[in-house]
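Trainee: Encoded as structure tokens, here's the structure I'll be asking about.
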Amino acid sequence: MGRPRPLSLRVAVVGSGPAGSSAAETLAKAGIETYLFERKLDNAKPCGGAIPLCMVDEFDLPPEIIDRRVRKMKMISPSNIEVNIGSTLKADEYIGMCRREVLDGFLRDRAAALGAKLINGTVHTLEMPKTESDPYTLHYTDHSGGRPVGDTKSLQVDLVIGADGANSRVAKAIKAGDYNYAIAFQERIRLPDAQMAYYEELAEMYVGNDVSPDFYAWVFPKYDHVAVGTGTMRVNQAKIKRLQAGIRARAAKRLEGGEIIKVEAHPIPEHPRPRRVVGRVALVGDAAGTVTKSSGEGIYFAAKSARMCAETIVELSKHGQRIPTEADLKVYIKRWDRAYGMTYKVLDLLQTVFYRSDAAREAFVEMCSDMDVQKLTFDSYLYKTVVPSNPLVQLKITAKTLGSLMRGHALAPTRSW
């Protein structure tokens, strides 16, 4: 027999990165009984750590969360042609650079302070309900005792939000399907003061087959070090090492005297999972596949997807007084796709066109020297708009794009990998 219908909703959020913590915060603020699971409270996900200005405002992030306010960026082509961008930014506009352990810890602590029950535990099994009204049972290992071997426990809830990343166990439990993924590899390098001063408010992005066949490499400034990394879908350890050596070589002069303080790697989804809602389980963030093509941005979209999911649960559960159905949870997916579907299509197209060959990458960097392109690029990143308000500007940018591609012979067929 199923248990009696609860008087109030119980929700488990698995994973306390930006996605999980944002979902838990929204649910807890609405008075919904919320359990937030995190296996490693000091976890620092390998990540470039860039966040858009709109996230600082929308998610009420305090100044101390931001290590650096980047107002200048260098785009560096395969032939090492450098294009400086950032002159279109207003005085109060910037890209925020943060360390994930700092950002994640802040968001997690805030969710807990607002009423989410934080559990330091590893969820290893999600037991499916036998009827539509039965609860989901999470079996997990509780690490809160501090012993090497934790305690085995269980929890019953009405809804589950999977925010447990690209290797999501929740997604596997509900047979959400697989997706292609890239690997991000990053070294944190502490530089001498004189070298670090160069990156005071500057970030660099390098493109070329030597640093990534299908993505880009980066040097992003943090509190007292730079994050130097690359990403690729060619998931091969030897290949990743060669690509990382490539970015180290390209940025060698600026990294002189640096000391590697941490080496990190992590999978990044390349597209949404085939199913993001199954029964009364919803996936958000990397578990759902919300990372964008071309830019590889994941933090804002992870947090935003989770907040939209939680807001839909609050609304359709009448603040926890009824159990939402699968159809109710799918409202979140419809709203998400309506709001951001075009963004993903545009960035997917950009990656297909501009990362296909070094000739196309040269054309891309050349195009970035144009002020209209720079303004569109920064506006789309900082405020999540992908189309300029003036159609004449859009037409002008399209013409410049085609011109750059033709001059670089980048429209010629390329060999497949």
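The values are calculated or read from the model by the stated rules, or taken from the named source; none is laboratory data. The shown structure was predicted, so the numbers you read here are calculated from the model rather than taken from an experiment. FYI the Cβ positions are ideal-geometry reconstructions off the backbone, even for glycines, and counts take in every protein chain you see.
Trainee: Among the residues of region 104-130, which ones are touching a Pro at 6+ places or on another chain (Cβ under 7 Å) and within 25 Å of V226 (Cα to Cα)?
Mentor: Those that are touching a Pro at 6+ places or on another chain (Cβ under 7 Å) and within 25 Å of V226 (Cα to Cα): D104, L107.
Trainee: Something else: Step by step: first the residues of region 24-48, then only those that are polar (S, T, N, Q) and surrounded by 23 or more Cβ atoms within 10 Å (Cβ to Cβ), then the one that is nearest to G162 (Cα to Cα). Which residue is that? Don't jump to the end; show me each part of the working.
Mentor: Step one: filter region 24-48 for residues polar (S, T, N, Q), giving 26, 34, 43.
When the remaining residues are screened for being surrounded by 23 or more Cβ atoms within 10 Å (Cβ to Cβ), the result is 26, 34.
On the way: T26: 15, T34: 13 Å.
Result: T34.
Trainee: Are there any pairs with C-beta distances below 7 angstrom linking a residue in region 187-213 that is of a type in the set (G, A, S) to a residue that is surrounded by fewer than 21 Cβ atoms within 10 Å (Cβ to Cβ) and assigned to a loop (DSSP other than H, G, I, E, B), with the two at least 6 apart or on different chains, and if so which?
Mentor: G208/P78
Trainee: Would you confirm whether or not region 270-280 contains a residue that is farther than 23 Å from L126 by Cα, of a type in the set (G, A, S) and not in a strand (DSSP E or B)?
Mentor: Taking region 270-280 first, the residues farther than 23 Å from L126 by Cα are 270-271.
When the remaining residues are screened for being of a type in the set (G, A, S), the result is none.
No; the residues of region 270-280 include none that is farther than 23 Å from L126 by Cα, of a type in the set (G, A, S) and not in a strand (DSSP E or B).
Trainee: Need pairs with beta-carbon distance below 6 Å; first residue of a type in the set (V, I, T) and within region 29-49, second part of a loop (DSSP other than H, G, I, E, B) and surrounded by fewer than 19 Cβ atoms within 10 Å (Cβ to Cβ); sequence gap 6+ or separate chains.
Mentor: Listed pairs, sorted by first residue: none to list.
Trainee: Given the criterion under 30 Å from K29 (Cβ atoms) and modelled with pLDDT under 95, identify the matching residue among E297, E311.
Mentor: Values: E311 fails: modelled with pLDDT under 95.
Within the list E297, E311, the selection yields E297.
Trainee: Looking at V263, V278, V228 in this structure, which one is among the hydrophobic types (A, V, I, L, M, F, W, C) and in the same structural domain as I161 (by TED's automatic domain parsing)? Working first, answer last.
Mentor: Details: V263 fails: in the same structural domain as I161 (by TED's automatic domain parsing); V228 fails: in the same structural domain as I161 (by TED's automatic domain parsing).
Being among the hydrophobic types (A, V, I, L, M, F, W, C) and in the same structural domain as I161 (by TED's automatic domain parsing) holds for just one of V263, V278, V228, which is V278.
Trainee: Please work out which residue is surrounded by the fewest Cβ atoms within 10 Å (Cβ to Cβ), limiting yourself to region 324-356 and to residues that are of a type in the set (V, I, T) and at pLDDT 95 or above. If you could, list the steps in order and put the result at the bottom.
Mentor: Looking only at region 324-356, we keep the residues that are of a type in the set (V, I, T), and these are 325, 331, 333, 343, 346, 352-353.
Pick out the ones that are also at pLDDT 95 or above and you get 325, 331, 333.
Numbers: T325: 12, V331: 17, I333: 20.
Residue satisfying both the conditions and the ranking: T325.
Trainee: Something else now. Could you pull out the residue among A19, A24 that is in contact (Cβ under 8 Å) with a residue 12 or more places away in the chain, part of a helix (DSSP H, G or I), among the small types (G, A, S) and touching a Ser or Thr at 6+ places or on another chain (Cβ under 6 Å)?
Mentor: Numbers: A19 fails: touching a Ser or Thr at 6+ places or on another chain (Cβ under 6 Å).
Among A19, A24, only A24 is in contact (Cβ under 8 Å) with a residue 12 or more places away in the chain, part of a helix (DSSP H, G or I), among the small types (G, A, S) and touching a Ser or Thr at 6+ places or on another chain (Cβ under 6 Å).
Trainee: Please specify each residue of region 133-158 satisfying the condition of being surrounded by fewer than 12 Cβ atoms within 10 Å (Cβ to Cβ) and without any contact (Cβ under 8 Å) to a residue 12 or more places away in the chain. Don't jump to the end; show me each part of the working.
Mentor: First, the residues of region 133-158 that are surrounded by fewer than 12 Cβ atoms within 10 Å (Cβ to Cβ): 145-149, 152, 154.
G145, G146, R147, P148, V149, listed by residue number.
Trainee: Next up: Just name the residue that is nearest to R307 (Cα to Cα) out of those in region 49-97 that are charged (D, E, K, R) and assigned to a loop (DSSP other than H, G, I, E, B).
Mentor: Quick first cut of region 49-97, residues charged (D, E, K, R) only: 57-58, 60, 64, 67-69, 71-72, 74, 82, 90, 92-93.
Okay, now just the ones that are also assigned to a loop (DSSP other than H, G, I, E, B), so 60, 67, 71, 90, 92-93.
Numbers: D60: 13, D67: 24, R71: 28, K90: 28, D92: 26, E93: 24 Å.
Checked region 49-97; the qualifying residue nearest to R307 (Cα to Cα) is D60.
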